[in-house]
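So the structure is just underneath, and the comments pick up after that.
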Amino acid sequence: MYYYYDLLLNFQDSLNLYNFYEWEEKDDLDYVKKIPLYRVTSDSLQELFKFKVQFDQSFIEEIKNKTILKNSSKSLNNTFLVSDSKDSLALELNNEGVVISRSKLLLADEINLNEVMFTMKETKLKYKKIAKYKNSSSIRQIDEIKKLINCEINTLYESKNISKLKYLYYEWFNDLNDNVEEIYQTMKKTLKNQFDDNQKRIYELIKKSYPKVS
């Protein structure tokens, strides 16, 4: 079995996969001393990016407790790294072999890994596709902004804070409207559109009204 040594991973639930420039200080990062490494075909790697999959039980036994954390005697269960010598992905499985979390690599690790992959033979990993991941063209920070705006809109609407809801609507659309239901639905619908400066401005207004929000 091949291993890769000394890297930082940012495992998120399998629905979320962040590039290194989207990692945040609050993320629970894993400092890994060594992790099993497999070279796969580009087609196989793309499937692992696109689909939630389940691996064979024999593969789980092969990688079990093989990923060791740095400065610790602890191991990460059912965790491994795959690469096609151009791109790479770390995966964590549950005891049934289903992918439960994924991580991309820091740029330096990505470059180093690509260099060593050329000496490795490809391995055909056995798995079955369960479901396709939902594609997202937005980056993490934009998703967080939209979530906060959506939460604020819902809270104001449900608590019947009409004055603040109308204020946000006016700041957003430069329009006076007394129809609360129309205001609410318009903001909800517009929030689904591509991120723009208006959404960013509304986000900043909401932050100002809650000093602890950052």
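Where a number appears in this text, it was derived from the coordinates with a stated rule and is not lab data. Since the model is a prediction, treat every value here as computed from it, not as a measurement. All Cβ positions, glycine included, derive from the backbone under ideal geometry; neighbour counts span all protein chains shown.
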> Spin-label point model (7 Å from Cα, Cβ direction): what's the Ile162 to Glu96 distance in nm?
Replying inline: 4.9
> Cα convex hull of the chain: how many Å³ per residue?
Replying inline: 155
>> Using amide H atoms built in the peptide plane, which far-off residues or other-chain residues are under 5 Å from Lys66 H to H?
In response: Asn78, Thr79
>> What whole-number distance in Å separates the alpha-carbon centres of segment 109-134 and segment 49-94?
In response: 11
> Which value, to two decimals, describes the C-alpha radius of gyration of segment 1-45 once divided by 2.2 N^0.38 Å?
Replying inline: 1.35
>> Under the rule of at least 5 residues apart or a separate chain, name every residue whose amide H is placed under 5 Å from the amide H of Tyr3.
In response: Leu37
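So, counting K/R as plus one and D/E as minus one, what does the shell of residues with Cβ under 14 Å around Lys166 add up to?
Details: positive: Lys160, Lys164; negative: Glu152, Glu171, Asp175, Asp178, Glu181, Glu182.
With Lys, Arg at +1 and Asp, Glu at -1, the net is -4.
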>> Given axes a ≥ b ≥ c from the Cα gyration tensor, I'd like to know whether segment 31-136 is rounded (a/c under 1.5), prolate (a/b larger than b/c) or oblate.
In response: rounded
